[in-house]
Amino acid sequence: MAPDASHALAVRERVQQFLNAACTGNLDLLKKIAKQLDDQGKGLSKTVADIKDANKRGALHFAAREGKTDVCKYLLEELKLDVDTQDEDGETPLLHAARQGHTETAKYLFEHGANPTIPSNLGATALHHSAGIGNIELLTYLLSKGAEVDSESDAGTPLIWAAGHGQQEAVKVLLEHHANPNAETEDNITPLLSAVAAGSLTCLDLLIQAGANANIVAGGATPLHIAADIGSTEIIKCLLKAGADPNVTDEDGQKPIQVAAARGNREAVEILFPLTSEDPSIPKWTVDGILEYMQSESGKQLEETRNLKENNAPKDKAPMKELPEVRPEIKKKAAEAKARGDEAFKQKDYLMAVDAYTQVCYSSVLCHFDAIFLLILLQMEGSF
């Protein structure tokens with residue numbers, strides 16, 4: 001091997017060892033390798049600040065992600081690194097610490113100048129992450145320090161993240177801090193829709209008590225359509241009690257009872273039947289008749305062709321909304337993150353692989369929010 005190539009390989013190995021030392025919290029090894037790498041006369045601080053992986057993550061990102069506060073302390077207090085340095089995804093060390101639930105590390109970073117309002121490229125802040133994973137200690141800490149309770153991201157507000165992951169305590173805390181229960185994403189996803197998709201009755205009840213709209217429409221469907229599709233009878237009852245309209249049709253012209261019947265959710269059909277106006281397209285308007293028809297060939301055809309409804313649709317029809325396409329830039333980020341995860345997995349760097357696959361979820365918008373179930377598909381990096 002040529003001398004230059006041999007030297008480059010040795011440097012690369014030392015860089016990997018250096019970043020691994022940051023991950024594992026081996027401060028002595030990290031200091032030792034840092035001195036070895038500082039062979040260009042740039043000074044230790046500049047040398048360490050310039051050491052990044054392919055995703056532009058440095059030692060501070062890795063130490064924060066793994067909760068290695070002592071390493072963070074050395075990098076910030078002795079080497080004076082930038083506490084808000086951002087990686088390729090726009091994530092700061094504080095975001096990494098928050099997403100992984102490292103409360104003490106996150107607090108340390110904040111107390112040493114980290115800006116909690118800096119978002120990732122997808123708009124997520126430390127508050128979104130703490131809400132999504134249900135880290136109440138960090139959530140309340142950030143709120144007490146002035147974090148914006150309704151800060152927006154591509155996957156919505158922190159309340160949407162919390163509700164979409166069934167984090168009832170986080171939902172409660174955010175509502176107590178006056179989070180908007182009817183905040184919407186660009187695709188009309190709300191906290192209530194997210195709670196329904198997550199199957200969280202407790203979150204749903206908290207949101208309804210706070211004034212959440214039970215008749216919101218996203219992707220042409222209402223929360224009641226989603227609950228009927230899932231077959232969650234308790235959620236259906238809760239929505240009906242909150243004023244959800246069982247006679248609103250989705251973009252395919254179907255009422256919630258038809259959605260439930262098509263899925264074979266008999267108990268849901270029984271609950272909705274006395275509250276639903278008769279549909280003349282169904283020959284026998286009984287519980288058994290609706291179930292039989294919706295699971296017959298005629299019913300299946302109805303599901304497939306009802307998008308071609310006549311212009312004189314019923315007045316109580318939900319406003320038509322196209323199912324949103326995942327934006328090209330989001331698709332690109334998801335593809336890039338998946339590629340990083342695949343490569344990391346091959347290299348047996350499992351921590352990096354998990355982190356990259358988490359980014360796929362967020363890039364798909366939290367694994368919950370891109371077209372009703374797809375609209376509520378990752379953000380949640382849930383996504384976690």
For the stretch 135-157, state whether one or more residues are closer than 16 Å to residue 64 by Cα, over 16 Å from the mean Cα position of the chain (by Cα) and aliphatic (A, V, I, L, M). yes
Residues in the stretch 270-279 that are β-branched (Val, Ile, Thr) and over 15 Å from residue 248 (Cα atoms): how many? 1
Which of the residues belonging to the stretch 246-268 are over 17 Å from residue 216 (Cα atoms) and touching a Ser or Thr at 6+ places or on another chain (Cβ under 9 Å)? 257, 258, 265, 267, 268
Residue 88 versus (1) modelled with pLDDT of 95 or more; (2) touching a helix residue (DSSP H, G or I) at 6+ places or on another chain (Cβ under 7 Å): which is the lone unmet condition? (2)
Test result for residue 80, under 21 Å from residue 30 (Cα atoms), part of a loop (DSSP other than H, G, I, E, B) and basic (Lys, Arg): yes
Members of the stretch 229-287 found to be in a loop (DSSP other than H, G, I, E, B), farther than 19 Å from residue 214 by Cα and acidic (Asp, Glu), listed by number: 252, 278, 279
I'm trying to understand the selection: among the residues of the stretch 162-176, which are at pLDDT 95 or above and assigned to a helix (DSSP H, G or I)? 162, 163, 168, 169, 170, 171, 172, 173, 174, 175, 176
So is residue 89 over 22 Å from residue 162 (Cβ atoms), acidic (Asp, Glu) and in the same structural domain as residue 45 (by TED's automatic domain parsing) or not? no
Quick one: in the stretch 78-127, of everything that is among the β-branched types (Val, Ile, Thr) and closer than 21 Å to residue 19 by Cα, which residue is surrounded by the fewest Cβ atoms within 10 Å (Cβ to Cβ)? 85
On the given criteria, is residue 56 among the basic types (Lys, Arg), out of contact with any Leu (no Cβ under 6 Å at 6 or more places or on another chain), closer than 16 Å to residue 78 by Cβ and surrounded by fewer than 19 Cβ atoms within 10 Å (Cβ to Cβ)? no
Across (1) at pLDDT below 95; (2) over 35 Å from the mean Cα position of the chain (by Cα); (3) under 22 Å from residue 236 (Cα atoms), residue 290 clears everything bar (1)
Identify the single condition in (1) buried (at least 23 other Cβ atoms within 10 Å of the Cβ); (2) closer than 23 Å to residue 142 by Cβ that residue 48 does not satisfy, given that it satisfies every other one. (2)
Residues in the stretch 143-160 that are under 23 Å from residue 232 (Cβ atoms) and either surrounded by fewer than 20 Cβ atoms within 10 Å (Cβ to Cβ) or modelled with pLDDT under 95 (or both) total 2
Can you confirm whether residue 117 is at pLDDT below 95 and over 15 Å from the mean Cα position of the chain (by Cα)? yes
Criterion (among the β-branched types (Val, Ile, Thr) and either touching a Pro at 6+ places or on another chain (Cβ under 8 Å) or modelled with pLDDT of 95 or more (or both)) met by exactly one of 185, 249: 249
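The values are calculated or read from the model by the stated rules, or taken from the named source; none is laboratory data. The shown structure was predicted, so the numbers you read here are calculated from the model rather than taken from an experiment. So basically every Cβ, Gly included, is an ideal-geometry build from the backbone, and we count neighbours across all protein chains shown.
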